[in-house]
1. Filtering the stretch 29-77 down to residues that are exposed (fewer than 13 other Cβ atoms within 10 Å of the Cβ) and either touching a helix residue (DSSP H, G or I) at 6+ places or on another chain (Cβ under 6 Å) or of a type in the set (A, V, I, L, M) (or both), which residue is farthest from Ile99 (Cα to Cα)?
2. Please determine whether any residue of the stretch 55-72 is over 19 Å from Asp11 (Cα atoms) and β-branched (Val, Ile, Thr).
3. Return yes when Tyr50 is of a type outside the set (Asp, Glu) and in contact (Cβ under 8 Å) with a residue 40 or more places away in the chain and no when it is not.
4. Check Ala4 against each of (1) free of Cβ contacts under 8 Å to residues at least 24 places away in the same chain; (2) part of a helix (DSSP H, G or I) and name the one condition it does not meet.
5. Looking at the stretch 28-72 only, could you name the residues that are in a loop (DSSP other than H, G, I, E, B), acidic (Asp, Glu) and at pLDDT 85 or above?
6. Determine the pairs where a residue that is acidic (Asp, Glu), located within the stretch 59-79, has a partner that is assigned to a strand (DSSP E or B) with Cβ atoms under 8 Å apart, the partner being 6 or more residues away or on another chain.
Amino acid sequence: MREAKACGLVDAVLVDGSFVTATPEPNDIDLVLVVSSNRDFSAEFQPVDYNVLSKRRVNRRFGFDLLVARADSEEYRRYVGYFQQVRLEPGRKKGILRITL
């Protein structure tokens, strides 16, 4: 979270995973990094930014699954809808944690 805030590219982080369920031994944390709706991903990034935005680097360093979406995009809405699903309980929704940076 410190790195995400320090890089200045991330507006918020959505947190989900089995740790928010009644699973006796949760085994994953899923993150969605929410970036500004006008973020230009073709622009040059600093090497430290890749530690925050790279799915592979985040998974290797922390074991988290990572997605990145622009705020108010169709992709963002799709990720939120997916994370709100309750496994094996169609139609039921759960909350997810949103941390604004």
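1. The residue in question is Ala43.
2. Keep residues of the stretch 55-72 that are over 19 Å from Asp11 (Cα atoms), which gives 56-57, 59-63.
After this cut, where a residue has to be β-branched (Val, Ile, Thr) as well, the list is none.
No: the stretch 55-72 contains no residue that is over 19 Å from Asp11 (Cα atoms) and β-branched (Val, Ile, Thr).
3. no
4. (1)
5. Result: Asp72, single match.
6. Between residues of the stretch 59-79 that are acidic (Asp, Glu) and residues that are assigned to a strand (DSSP E or B), the close pairs are Asp65/Asp30; Asp65/Leu31; Glu75/Ala69.
The values are calculated or read from the model by the stated rules, or taken from the named source; none is laboratory data. All figures in this text were calculated on a predicted structure; none of them were measured in a lab. Cβ sites come from the backbone with ideal geometry, for glycine too, and all protein chains shown count toward neighbours.
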